[in-house]
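Taking it in order: structure first as structure tokens, then the write-up.
The values are calculated or read from the model by the stated rules, or taken from the named source; none is laboratory data. All values derive from a computational prediction rather than experimental measurement. Ligands, DNA and RNA are excluded from the accessible area calculation, which covers all protein heavy atoms including side chains. Shrake-Rupley method; radii C 1.70, N 1.55, O 1.52, S 1.80 Å.
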Amino acid sequence: MGSGWLAPRNGRPAPGGGRPGSMGRGVFGRRRNPRLAGTLHILDITGREVAVPLRGRATVLTAGGTGLTGYGEVWAVHTAAATADTSLMISYGRDGSAGDRASGLCAAGETVILGGLAFTWRHPPAMITAPAMPAALTMPAIPAAAMPTTPAAVPAAPAAATPAAAVPAAPAAI
């Protein structure tokens, strides 16, 4: 029957399809809960804006951390099954009770209003890498025969000369 470490238990396949190194990655080779990135900008009724950096898998919005009243939670979710598109799921309530909370999806660059506050997700743009330099613009290789190999072949640097006017005169003996 094989080694048994890939065999399903209780009739269900192992997470990630039983492939080594794919624990919890699912069918499309991605994590179930994507990592947060960017900043969440929160605009309250008075016009005060608070920027909250997003890191890890989830962020909690508390009065102590943001200075806003209420309680909220933010986490990233996949919005399309076959792609890596993500949005923020934001749950926020003004009084902190579970019954007062409203939830909404916020795509990158968009705004959602929950509990009288405007939440805007500013996601960092993808890293743009510089294209490879064309071969015509690269420097040609210098043959080893043209390079000096002994110290005698390398010209000595001239000694720094000090102008006589810059040297202070010695005090006269009394």
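Just check segment 32-118 against the gyration tensor rule for me: Cα atoms, a ≥ b ≥ c as the square roots of the eigenvalues, rounded for a/c under 1.5, and otherwise prolate or oblate depending on whether a/b exceeds b/c.
Numbers: a/c = 1.79, a/b = 1.65, b/c = 1.09.
Judged from the Cα gyration tensor, segment 32-118 comes out prolate (a/c at least 1.5, a/b above b/c).
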Area of Leu105 that stays accessible when all protein chains are in place (1.4 Å probe, Å², to 10): 100 Å²
